[in-house]
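The values are calculated or read from the model by the stated rules, or taken from the named source; none is laboratory data. All values reported here derive from a predicted model rather than from experimental measurement. Positions of Cβ are generated from backbone atoms using ideal geometry, with glycine treated the same way; all protein chains shown enter the neighbour counts.
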Amino acid sequence: MIEGLVVNGCSYMDVYALGHGHLDLSKKLNIPKAESLTYSGCSNSRIIRTTLKHSYITQQKNFYVLGMTFIGRSEVPILRFDDTLSFEGRWTNPQNQMFQNKWEHHWTEKDTERFVELKLKEEVFSVVDRTEDLMYRLLSLIESLESRGHRILIYQQADTTYFNEIDNSRLSLYKTKNNFINGFMWNAIQWQHSMGVPVHQTNYDSEYGACPEDMKHRAPGYHQKLNEFLTNYIKEYKILE
């Protein structure tokens, strides 16, 4: 029997949890407890790692709902360690988690600039490779969780960089598991935008340019349409059975 609902993801899921969306979803699914592992600005590697870690140390069977982030995000273990990092470790995404400001003394702003420069270079021709790598890691995550009595649902939040490549034979396994909503081609933020869910008013444009309206965070507390969709999908595909 599933005893807890656990959501994980970047700021998109963080705002969802801020508005108690995970608590509402747990009630709809008759799951007695709900918690959040979300972390703004994080990478998919962090989402996978912390989900696995939580699943091994928990004392209950959980349903993990993962809103995956941009496949271009990376992380490095450069934070100064303190007690607050006992679960997360030293990992951080220096490009998107500047707010942490707790790097070890040997890591500088110039290192971050070079990190981003090299990352952007390796991304130019590697969409399929990076999406394939994520696919195998997520498949392994699914098998690990389910073999130990947990359940899991995975969807994309806002990234569309790999959508034109999804029919590549190397990515075909995304379509073999109902754990991936619509073969990992369902974009939650764009879908909510199409349904008229309002944006988060604190959302802002960055140095990289204006954020498109259909990629902005949805306002906290406006999770009703999303939860209705998720609940229907979970029941239709018997994700919790």
Test L118 against the stated conditions and say whether it is surrounded by 14 or more Cβ atoms within 10 Å (Cβ to Cβ) and part of a helix (DSSP H, G or I).
no
State whether one or more residues within segment 92-113 are outside any loop (DSSP other than H, G, I, E, B), at pLDDT below 95, closer than 30 Å to Q190 by Cβ and not polar (S, T, N, Q).
yes
What number of residues within segment 156-183 satisfy the criterion of being out of contact with any strand residue (DSSP E or B) (no Cβ under 6 Å at 6 or more places or on another chain) and either surrounded by 15 or more Cβ atoms within 10 Å (Cβ to Cβ) or not charged (D, E, K, R) (or both)?
18
When only residues in segment 59-91 that are touching a strand residue (DSSP E or B) at 6+ places or on another chain (Cβ under 6 Å) and in a loop (DSSP other than H, G, I, E, B) count, which is farthest from V128 (Cα to Cα)?
Q60
Pick from T69, T38, T92: which is farther than 25 Å from L230 by Cβ, in contact with a helix residue (DSSP H, G or I) (Cβ under 8 Å, 6 or more places away or on another chain), of a type in the set (S, T, N, Q) and buried (at least 21 other Cβ atoms within 10 Å of the Cβ)?
T92
W186 is checked against (1) under 25 Å from K61 (Cβ atoms); (2) aromatic (F, W, Y); (3) surrounded by 12 or more Cβ atoms within 10 Å (Cβ to Cβ) and fails just one. What number does that condition carry?
(1)
Tell me which residues, restricted to segment 189-220, are modelled with pLDDT of 95 or more, assigned to a helix (DSSP H, G or I) and either among the aliphatic types (A, V, I, L, M) or closer than 28 Å to E113 by Cβ (or both).
I189
Within segment 2-25, count every residue that is of a type outside the set (A, V, I, L, M, F, W, C), surrounded by fewer than 23 Cβ atoms within 10 Å (Cβ to Cβ), part of a helix (DSSP H, G or I) and touching a Pro at 6+ places or on another chain (Cβ under 8 Å).
0
G41 fails exactly one of the following numbered conditions: (1) modelled with pLDDT under 95; (2) part of a strand (DSSP E or B). What is the number of that condition?
(2)
With respect to E132, is the statement that it is at pLDDT 95 or above and either at negative phi or within 17 Å of the chain's Cα centre (by Cα) (or both) true?
yes
